[in-house]
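Novice: Take a look at the following structure, please.
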Amino acid sequence: FGVTSAVTYEQPYTLARKYATLDHLTRGRVGFNVVTSYLPSAAENQGLPTQIEHDERYELAEEFLDVCYKLWEGSWEDDAV
């Protein structure tokens, strides 16, 4: 089960919870395709006047993934459900 998420317009905690649930429901058979949204219309639909610059989007994505990994690996006990 693979899902694409544009991390430029998501929040790490919320996304990490969604994917943790999918991981549980699919018994570990979930994939996460990370994108940063390059289309100006994506920014406009999120209420921004212009798209965030390429390098800044990738810096945000790197930080986003660091936070998600910490949440997945350290915030929830393996037997929490």
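Where a number appears in this text, it was derived from the coordinates with a stated rule and is not lab data. Worth saying up front: this structure is predicted, and the values here are computed from it rather than measured. Counting neighbours? That spans all protein chains shown, and the Cβs are built from the backbone with ideal geometry, glycine included.
Novice: Of all residues in segment 25-81, which are surrounded by fewer than 12 Cβ atoms within 10 Å (Cβ to Cβ) and on the phi > 0 side of the Ramachandran plot?
Specialist: Correct list: R27, G28, G47.
Novice: Considering only residues that are under 16 Å from the mean Cα position of the chain (by Cα) and among the aromatic types (F, W, Y), which ones fall in segment 28-81?
Specialist: If the condition is that a residue be under 16 Å from the mean Cα position of the chain (by Cα) and among the aromatic types (F, W, Y), then F32, Y38, Y58, F64, Y69, W72 are the ones that fit.
Novice: Then there is this: Please identify the pairs in which a residue from segment 64-81 that is under 18 Å from Y9 (Cβ atoms) and in contact (Cβ under 8 Å) with a residue 24 or more places away in the chain has its Cβ atom under 8 Å from the Cβ atom of a residue that is surrounded by 12 or more Cβ atoms within 10 Å (Cβ to Cβ) and of a type in the set (V, I, T), counting only partners at least 6 apart or on another chain.
Specialist: Sorted first by the residue in segment 64-81, then by its partner, the pairs are F64/V7; L65/V7; L65/V34.
Novice: Return the residues of segment 19-56 that are outside any loop (DSSP other than H, G, I, E, B), hydrophobic (A, V, I, L, M, F, W, C) and closer than 15 Å to V7 by Cβ; say none if nothing qualifies.
Specialist: F32, V34, V35, A42, A43, listed by residue number.
Novice: Right, another one. How many residues, within segment 11-63, are over 30 Å from D78 (Cβ atoms) and of a type in the set (F, W, Y)? Spell out the reasoning first.
Specialist: If we filter segment 11-63 for residues that are over 30 Å from D78 (Cβ atoms), which is where we start, we get 36-59.
Checking the rest, the ones that are also of a type in the set (F, W, Y) come to 38, 58.
Residues in segment 11-63 being over 30 Å from D78 (Cβ atoms) and of a type in the set (F, W, Y): 2 in total.
Novice: Cβ contacts < 6 Å: first residue closer than 25 Å to H54 by Cβ, restricted to segment 1-24; second residue assigned to a helix (DSSP H, G or I) and of a type outside the set (A, V, I, L, M, F, W, C), any location; separation 6+ or different chain. Result?
Specialist: T8/R57
Novice: Restricted to segment 1-18, and to residues that are of a type in the set (S, T, Y) and not in a helix (DSSP H, G or I), which residue is surrounded by the most Cβ atoms within 10 Å (Cβ to Cβ)? Full working, then the answer.
Specialist: Keep residues of segment 1-18 that are of a type in the set (S, T, Y), which gives 4-5, 8-9, 13-14.
Cutting the leftovers down to not in a helix (DSSP H, G or I) gives us 4-5.
On the way: T4: 9, S5: 17.
Here the answer is S5.
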